[in-house]
1. Residues in region 96-117: is at least one touching a helix residue (DSSP H, G or I) at 6+ places or on another chain (Cβ under 9 Å), part of a helix (DSSP H, G or I) and over 30 Å from residue 41 (Cα atoms)?
2. Condition first: closer than 19 Å to residue 137 by Cα, surrounded by fewer than 19 Cβ atoms within 10 Å (Cβ to Cβ) and touching a helix residue (DSSP H, G or I) at 6+ places or on another chain (Cβ under 6 Å). Can you find one or more residues in region 28-48 that meet it?
3. Within region 84-105, count every residue that is under 8 Å from the mean Cα position of the chain (by Cα) and surrounded by fewer than 24 Cβ atoms within 10 Å (Cβ to Cβ).
4. Does residue 113 fit the bill of being surrounded by 13 or more Cβ atoms within 10 Å (Cβ to Cβ) and over 24 Å from residue 23 (Cβ atoms)?
5. For region 1-33, which residues satisfy the criterion of being over 24 Å from residue 70 (Cβ atoms) and either in a loop (DSSP other than H, G, I, E, B) or in contact (Cβ under 8 Å) with a residue 24 or more places away in the chain (or both)?
6. On the basis of being at negative phi and surrounded by 12 or more Cβ atoms within 10 Å (Cβ to Cβ), does residue 69 make the cut?
7. Six or more apart or on different chains, Cβ atoms under 6 Å: show the pairs whose first residue is in region 35-50 and free of Cβ contacts under 8 Å to residues at least 40 places away in the same chain and whose second is surrounded by 11 or more Cβ atoms within 10 Å (Cβ to Cβ) and assigned to a helix (DSSP H, G or I).
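Derivation of every value follows stated rules applied to the coordinates shown; laboratory data play no part. Since the model is a prediction, treat every value here as computed from it, not as a measurement. Every residue, glycine as well, gets a Cβ built from its backbone with ideal geometry; the counts of neighbours run over all protein chains shown.
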């Protein structure tokens, strides 16, 4: 449990936590550039695999849950931003992906957001098992970094 002041940067853990959050937030805001290209019609939303965003949501969701259970400020801060930012990004992505069917877009967006928040509540406040959240987050962490390779697999098949 983290009980020290997270803003005391004489403690090495806090310095590492600060840099970790800077990099994590940078990673989590990177889809903005892809969404900008979709908005400007430079690329078609249907050409982009959204699995990275879904896996990032799940990764951040479980690390966010772990941070709440262990009361670790740095884990909570970066992953809460990543979790909610990627929910917004995926909703925007679906908006352009389903331009011809807005009703389906609404169902997908409401469903995805509701399920994600429900999973977060269950793991953070009902199950409250730090090890379960941590190990599930590690699995999604691996999947998140492997998922861009799906395009490479399609190229070589």
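1. Scanning region 96-117 turns up at least one residue that is touching a helix residue (DSSP H, G or I) at 6+ places or on another chain (Cβ under 9 Å), part of a helix (DSSP H, G or I) and over 30 Å from residue 41 (Cα atoms).
2. no
3. Of the residues in that region, 3 qualify.
4. yes
5. 29, 30, 31, 32
6. When the stated conditions are applied, residue 69 passes them.
7. 43/37
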